[in-house]
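Below you'll find the structure, written out as C-alpha cells, and then a few comments.
The values are calculated or read from the model by the stated rules, or taken from the named source; none is laboratory data. This structure is a prediction, so every number in the text was calculated from the model and none was measured. Note that we place each Cβ from the backbone using ideal geometry, even for glycine, and neighbour counts take in every protein chain shown.
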C-alpha cells in the first residue's frame, strides 16, 4: 500500500491507480530530494466544471493542475491525454516537495519556475517561443512575472518560460550542487532576499538585473536568430537549388527549339 491515495470518478479508476503509483515512486526533486514519507491525496477531476468545483474556482481558467501543500493534496484535470498527466503530476508534486522543505511561501515566479524545472518542462519549442517574446520586447520584471503567471493563457505561457529561465540561472550558479544551497537557506532565512544574500552574495534586485542580462544574451535577437537560422539556411539552399534546376531545364528547352531552325526567305516587311 503506497502513501498516495487517489480519488477519482469510476470511469478513471485505473488511471488514478497508475498515477498514484507514479507519484509514490517519484524520483528526487532538484535541491530538495525525495518527497517526505507522508500521506498524499491525489484527486482526478474529469471535467473543467469538476476541477473548478474541487479547487473552489481559485485558479485561472487555463490551469489544469493545483497543489495544496497544507492539505497534502494534488488536483489534476484528467480530461487530457494520459501522458500529459504524468508531467502535470510531477509539476504539482514539485510544489509539495518545495513547500514542505522550505515551510513558507516563496515568490510565485520561483515556485512556478522551480516546478517547471523539476518536471522537465523545457524544450526547443519553448525556447523558440521565448526567444520571440524577448525579441519583441516583453517586459522582464520579476514582480511582473508574478502578475502574468495569473493572467490570461498567452501571457502566462511566456511568464512560465521566463520564470523557468530565472530558476535555471540560479541552478547554474549553484554548480554541482545546483539549487541545493539556495533551498537550504530558504528553509532557514526569513526572506527570499536574505537567502540570495547568503547563497550568492547579492540582493534580489541584483539578481533581477543579472537575470535580465542573461535572458537578453541567451534569448534576445541574436539568440532567436541563431535558433531559427539553421531552418532559414536550409530553406534558402533548397530554394536556390530549385531555381538553378529550373534555369538548367529552360536552357535545355531553348537549345532544342533552336536546333535546326532557319529563318524563311524574307519577301519584305508586311504591314
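Of the numbered criteria (1) at pLDDT below 75; (2) surrounded by 14 or more Cβ atoms within 10 Å (Cβ to Cβ); (3) outside any helix (DSSP H, G or I), the one residue 202 fails is (1).
From the residues in the stretch 95-120 that are in a loop (DSSP other than H, G, I, E, B) and touching a helix residue (DSSP H, G or I) at 6+ places or on another chain (Cβ under 8 Å), which one is nearest to residue 70 (Cα to Cα)? Ranking the candidates gives 105 first.
Does residue 59 satisfy being in a loop (DSSP other than H, G, I, E, B), modelled with pLDDT of 95 or more and under 28 Å from residue 158 (Cβ atoms)? If you could, list the steps in order and put the result at the bottom.
Numbers: in a loop (DSSP other than H, G, I, E, B): yes; modelled with pLDDT of 95 or more: no; under 28 Å from residue 158 (Cβ atoms): yes.
Here the answer is no, as residue 59 does not meet what is asked.
Of the residues making up the stretch 12-48, those that are closer than 25 Å to residue 62 by Cα, in a helix (DSSP H, G or I) and within 26 Å of the chain's Cα centre (by Cα) number 8.
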